[in-house]
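Worksheet: one structure, shown below.
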Amino acid sequence: MDTRPNSGALSHAPPKFVVGSLLRHILVMSGAGGVGLGAIFLSDLANIVFLSWLNDRAVLSAVGYASSILYFTIAIGIGIGIAATTMVSRTLGQRRRLRAARYSVNAHIASLVAGVIAAALMFLTIPWLLTALGADGRTHELATRYLMIVTVGLPALALAMTSASVLRAAGDARRAMNVTLYGAVVNTILDPILIFGFGLGIDGAAWATVGARLAFMAVGLHGVVRVHGLTARPRLPAFAADVPTFTTIAVPAILTNIASPVSNAYVTAAIATHGDDAVAGWAIIGRILPVAFGAIYALSSSIGPIIGQNYGAEESARVRDAFKLALAVNVGFTAAAWIVLALLSPSLVSLFGVTGAAADLITLFNVWLAPLFAFMGALFVVNAVFNTLDFPHYATLLNWGRATLGTIPLVHLGSWLAGAEGVLTAHMAGGILFGCLAVWLCLRLFDRLLGGAHPAG
């Protein structure tokens, strides 16, 4: 029997994550994912650096407002990607390759449809959304132009995110990494050419982002279709039959991931009351944070396939061990990132050429608040576990609790007591309670679920 990866045949070889060292799987997947995410986050950071060289604070503020809105659209792609990871990894764990291919193609169709709808809705509501966040005057105008251009690439981004999720589900860490890595290279090359070479300014940065998203899509689809053969002829009856299965996971996952941009939007609005300098500082932190903690974001997206394959193979002990190792790796990654940020903090402030409130916020985060990200990392890991084990509503409740009870009253109090610095401190501190609660709930779920229950076929 032909068992080549792209043949579509059912392989007799065990799924990749069901055998071997769990720690090695976690580190390899997280490392590769961290490189890919780190590249795109570095690209975003370079984008901010290039724009800061225009010496126009309104441009940086505009990107800060725009980023808060873009998080909402990205959350849709993440949600569908989580559904794809869950279904494909579990069916591969059960050695049902043809079903995994069917789930893969239908997930891509769903992501394209959702991306087109989301782009249309966002395009129509951009001015209203920016006004609601507190943008006005020239900052509002710049952010509107930026978002209207970037929205064009949203369907391509949705497809790319689904492709990367399918590649991770198959255990192909390198090609999942390449999806973002190659796109980041494209973005970084196009940024200075369009911003300065063609004199397009913030519009050039937006078009560079669109070009990068098209590169994401091309690389991702090549890996899924040409390399792994995890695709099948699209059939309407099969798509209609799979939609409820995807919806059960994707909708709660989308709601879960929307919680974070809602929280960030509230923080943006709260910081906006303290001036454009504070918003610029918050926008820069928004670029520094994912670069520093890219490995943790990658860890949260990597642990799902590992848990999924072992859950599908009914390896309960490996499911528990993978979770505990992921939490330990999260703490290690956070400590390393904190040390680097604290040491480089003065250099980062100089790199962006900011002073006053913006510089104070960046220093506060780098030196004092960065270690609190370990609690957010724990929440991210737990989210992946809940989604994979068919309890996505747990993740939704925890994240919305974090976005509301863990954000609004604390940020309001912090703003009143210490201005923009109080807002940032309260926002980070709110993750402590919900990170601890998430881990406790996950351990209780393991006690109940893995004692004898097995995944449905």
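For A143, work out the one condition from (1) closer than 26 Å to M29 by Cα; (2) over 19 Å from the mean Cα position of the chain (by Cα); (3) crowded, with 24+ Cβ neighbours inside 10 Å it doesn't fulfil.
Against the list (1) closer than 26 Å to M29 by Cα; (2) over 19 Å from the mean Cα position of the chain (by Cα); (3) crowded, with 24+ Cβ neighbours inside 10 Å, A143 comes up short only on (1).
List the pairs whose first member sits in the stretch 260-275 and is within 14 Å of G431 (Cα to Cα), whose second member is crowded, with 22+ Cβ neighbours inside 10 Å and among the small types (G, A, S), and whose Cβ atoms are under 7 Å apart, counting only residues at least 6 apart or on separate chains?
S260/A403; S263/A403; N264/S68
Say whether the condition of being within 18 Å of the chain's Cα centre (by Cα) and under 25 Å from A46 (Cα atoms) is met by at least one residue in the stretch 243-255. I'd like the intermediate steps shown before the answer.
Step one: filter the stretch 243-255 for residues within 18 Å of the chain's Cα centre (by Cα), giving 249-255.
Add one more test, that the residue is under 25 Å from A46 (Cα atoms), and what stays is none.
Within the stretch 243-255, none of the residues are within 18 Å of the chain's Cα centre (by Cα) and under 25 Å from A46 (Cα atoms).
From the set of residues in the stretch 104-140 that are within 18 Å of A75 (Cα to Cα) and of a type in the set (S, T, N, Q), which is farthest from the chain's Cα centre (by Cα)?
T125
Six or more apart or on different chains, Cβ under 8 Å: which pairs go from a residue in the stretch 345-359 that's more than 22 Å from A418 (Cβ to Cβ) to one that's surrounded by 21 or more Cβ atoms within 10 Å (Cβ to Cβ) and at pLDDT 90 or above? Could you list them?
Close Cβ pairs (under 8 Å, with a partner that is surrounded by 21 or more Cβ atoms within 10 Å (Cβ to Cβ) and at pLDDT 90 or above) amount to F352/A358; F352/I362.
Looking at L369, L424, L364, L397, can you tell me which residue is buried (at least 24 other Cβ atoms within 10 Å of the Cβ) and among the aliphatic types (A, V, I, L, M)? I'd like the intermediate steps shown before the answer.
Values: L369 fails: buried (at least 24 other Cβ atoms within 10 Å of the Cβ); L364 fails: buried (at least 24 other Cβ atoms within 10 Å of the Cβ); L397 fails: buried (at least 24 other Cβ atoms within 10 Å of the Cβ).
Sole residue among the options that is buried (at least 24 other Cβ atoms within 10 Å of the Cβ) and among the aliphatic types (A, V, I, L, M): L424.
Those residues that are among the basic types (K, R) and either closer than 29 Å to R57 by Cβ or touching a residue at least 24 places away in the same chain (Cβ under 8 Å) (or both), I need them from the stretch 93-152; list them, please.
First, the residues of the stretch 93-152 that are among the basic types (K, R): 95-97, 99, 102, 138, 145.
Selection gives R95, R96, R97, R102, R138, R145.
List the number of the failed condition for N55; all other conditions in (1) at pLDDT 75 or above; (2) closer than 30 Å to D276 by Cα; (3) assigned to a helix (DSSP H, G or I) hold.
The number of the failed condition is (3).
Before we move on, is V319 out of contact with any strand residue (DSSP E or B) (no Cβ under 8 Å at 6 or more places or on another chain) and without any contact (Cβ under 8 Å) to a residue 60 or more places away in the chain?
On the way: out of contact with any strand residue (DSSP E or B) (no Cβ under 8 Å at 6 or more places or on another chain): yes; without any contact (Cβ under 8 Å) to a residue 60 or more places away in the chain: no.
In short, no.
Please work out if L410 is in contact (Cβ under 8 Å) with a residue 12 or more places away in the chain, touching a His at 6+ places or on another chain (Cβ under 9 Å) and either crowded, with 21+ Cβ neighbours inside 10 Å or not acidic (D, E) (or both). Before the answer, list the steps.
Working: in contact (Cβ under 8 Å) with a residue 12 or more places away in the chain: yes; touching a His at 6+ places or on another chain (Cβ under 9 Å): yes; either crowded, with 21+ Cβ neighbours inside 10 Å or not acidic (D, E) (or both): yes.
Spelling it out, L410 is indeed in contact (Cβ under 8 Å) with a residue 12 or more places away in the chain, touching a His at 6+ places or on another chain (Cβ under 9 Å) and either crowded, with 21+ Cβ neighbours inside 10 Å or not acidic (D, E) (or both).
Hey, any hits in the stretch 200-217 for a residue that's in contact with a Lys or Arg (Cβ under 9 Å, 6 or more places away or on another chain), within 17 Å of I78 (Cα to Cα) and modelled with pLDDT of 90 or more? It would help to see each step written out before you state the result.
We begin by selecting, within the stretch 200-217, every residue in contact with a Lys or Arg (Cβ under 9 Å, 6 or more places away or on another chain); these are 202-203, 206.
Applying the additional criterion that residues be within 17 Å of I78 (Cα to Cα) yields none.
Among the residues of the stretch 200-217, not one is in contact with a Lys or Arg (Cβ under 9 Å, 6 or more places away or on another chain), within 17 Å of I78 (Cα to Cα) and modelled with pLDDT of 90 or more, which makes the answer no.
Quick one: how many residues across the stretch 332-378 are of a type outside the set (V, I, T) and in a loop (DSSP other than H, G, I, E, B)?
First pass over the stretch 332-378, keeping only residues of a type outside the set (V, I, T): 332-333, 335-338, 341-348, 350-353, 356-361, 364-366, 368-378.
Within this subset, residues satisfying the condition of being in a loop (DSSP other than H, G, I, E, B) are 353.
Counting residues in the stretch 332-378 that are of a type outside the set (V, I, T) and in a loop (DSSP other than H, G, I, E, B) gives 1.
Over 30 Å from A395 (Cα atoms), basic (K, R) and part of a helix (DSSP H, G or I): is that true of R233 in this structure?
For R233, the condition - over 30 Å from A395 (Cα atoms), basic (K, R) and part of a helix (DSSP H, G or I) - is not met.
Pick out the one residue from I307, I339 that is β-branched (V, I, T) and touching a residue at least 40 places away in the same chain (Cβ under 8 Å). Before you say what the answer is, go through the steps one by one.
Numbers: I339 fails: touching a residue at least 40 places away in the same chain (Cβ under 8 Å).
The conditions single out I307.
Given the criterion surrounded by 19 or more Cβ atoms within 10 Å (Cβ to Cβ), in contact with a Gly (Cβ under 7 Å, 6 or more places away or on another chain) and either modelled with pLDDT of 90 or more or of a type in the set (G, A, S) (or both), identify the matching residue among A107, A135, A101. Talk me through it step by step, then tell me what you get.
Working: A107 fails: in contact with a Gly (Cβ under 7 Å, 6 or more places away or on another chain); A135 fails: in contact with a Gly (Cβ under 7 Å, 6 or more places away or on another chain).
Testing whether each residue is surrounded by 19 or more Cβ atoms within 10 Å (Cβ to Cβ), in contact with a Gly (Cβ under 7 Å, 6 or more places away or on another chain) and either modelled with pLDDT of 90 or more or of a type in the set (G, A, S) (or both) leaves just A101.
The rows are residues; the columns are (1) aliphatic (A, V, I, L, M); (2) under 13 Å from I258 (Cβ atoms); (3) touching a Ser or Thr at 6+ places or on another chain (Cβ under 9 Å).
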{"site": "Y65", "(1), (2), (3)": "no, no, yes"}
{"site": "S68", "(1), (2), (3)": "no, yes, yes"}
{"site": "I74", "(1), (2), (3)": "yes, yes, no"}
{"site": "T86", "(1), (2), (3)": "no, no, yes"}
{"site": "S89", "(1), (2), (3)": "no, no, yes"}
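The values are calculated or read from the model by the stated rules, or taken from the named source; none is laboratory data. Computed from a predicted structure; not experimentally measured. We place every Cβ from the backbone using ideal geometry, glycine too, and count neighbours over all the protein chains shown.
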